Amino acid sequence: MAKLYFRYGAMGSSKTANAIMVRYNYQERGQHALMVKPSVEQRDGDCQVNSRSGLKCPCVYMEQLTDELVLKHDCVIVDEAQFLSQEQVRQLVHIVDDLNKPVIAYGLRADFRGELFPGSAALLAWADTIEEVKTVCWCGRKATFNTRIQDGVVVKQGEQVMLGGNESYTSLCRKHWEEGNLGPI
């Protein structure tokens, strides 16, 4: 029986590398996993998923996903799932419940303000299995907060979605996020 998995973690926890490796594991066994991402995520280029570790693979946009395309695959893997709408999460539920295909969604749980993304909130409510992908703060504690940085300072106000990488974000533990403490430079 297929399941909807939500694997969340702070930035830098290797979610995308994990997603690409799961796809590879399916391929290694002669199966076909479809990599998907929301079209708002354009940093890696058109229809491409890249991890910070250098792993990459082709993908389709969530907006292009059809039942016919899903049925040609053994599994659907979604990267950057925090950017999904509630309607798109319900489409993933349809894929699991009606098409009997497992879906593994990777994404952030909360934004730089500590608030849930709409896609993450829907996945937390609807996923069959929820797993945390862990990373650490500069102090060694578990990092759970995605921290936006501008001009070397922690920012806690602004638009929820601002695409960026290491130049704009880091992961901190709750204490250092609250303090705005980026650690020793």
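The values are calculated or read from the model by the stated rules, or taken from the named source; none is laboratory data. Source: prediction; values computed, not measured. In this analysis, Cβ positions are derived from the backbone assuming ideal geometry, glycine residues included, and neighbour counts consider all displayed protein chains. These area figures cover heavy atoms from the full protein model, side chains too; ligands, DNA and RNA do not enter into them. Shrake-Rupley method; radii C 1.70, N 1.55, O 1.52, S 1.80 Å.
A few points about this structure:
- Annotation note: Cβ proximity below 8 Å between a residue of segment 7-34 that is without any contact (Cβ under 8 Å) to a residue 24 or more places away in the chain and a residue that is outside any loop (DSSP other than H, G, I, E, B) and small (Gly, Ala, Ser) (sequence gap 6+ or interchain) occurs for 27/33.
- Of all residues in segment 171-183, those that are within 17 Å of residue 111 (Cβ to Cβ) have Cβ atoms under 9 Å from Cβ atoms of residues that are in a loop (DSSP other than H, G, I, E, B) and among the β-branched types (Val, Ile, Thr), 6 or more apart or on another chain, in 171/135; 171/144; 172/144; 173/144; 174/144; 177/144.
- Total residues in segment 150-173, condition in a strand (DSSP E or B) and either open to solvent by less than 30 Å² (accessible area, probe 1.4 Å) or modelled with pLDDT under 75 (or both): 6
- Contacts under 7 angstrom Cβ, first residue in segment 118-145 being open to solvent by less than 50 Å² (accessible area, probe 1.4 Å), partner among the hydroxyl-bearing types (Ser, Thr, Tyr) and part of a loop (DSSP other than H, G, I, E, B), 6 or more apart: 119/85; 133/13; 133/14; 135/13; 143/135
- Looking across segment 1-27, the residues that are modelled with pLDDT under 95 and charged (D, E, K, R) come down to 15, 23.
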